[in-house]
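Heads up: the structure comes next, in structure tokens.
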Amino acid sequence: MAQSGMAQQSGMAQQAGDASRGLHLFMADGCYECHGTVGQGGVGPRLAPDPLPAGAIAAYIRKPTNVMPPYVESVAGDQDVRDMQAYLASIPQPRPLKDIPLLAP
């Protein structure tokens, strides 16, 4: 019997991810090609900082709605998703525009 999306999300939240492994997977699986090396977005949407919970990421990548290819569990397992989410969560907020001299008024 299939779990609901909420049950999958709560189950995924029970185990922590490894941010350094997540960085490796994010690059190796080609996520950076559309989402940028630090999840800043590009062709694909911005993922970081403040990423979605791992369960929500897993639900979307398994059945994406746009041009993103699906990443079935045999390609990106639940622990892989937790690790990539941990990497995205480790990315710091950008500096405020007012603190960048070239962009300050």
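Values quoted throughout were computed directly from the atomic coordinates according to the rules given, and no laboratory measurement underlies them. Owing to the predicted nature of the structure, the values given are computational and were not obtained by experimental measurement. Glycine also receives a Cβ, built like all others from the backbone with ideal geometry; neighbour counts cover every protein chain displayed.
Given the peptides 57-64, 69-76, 43-50, arrange them by the average over their residues of other C-beta atoms within 10 Å, most packed first. Could the numbers behind the result be given before it?
Values: 57-64: 17.4, 69-76: 13.0, 43-50: 15.2.
Per-residue mean Cβ counts within 10 Å order the peptides as 57-64, 43-50, 69-76.
What's the FRET efficiency of residue 93 with residue 73 using the Cβ-Cβ distance as r and R₀ = 25 Å, to the nearest 0.05?
Details: r = 31 Å, r/R0 = 1.26.
Efficiency at R0 = 25 Å is approximately 0.20.
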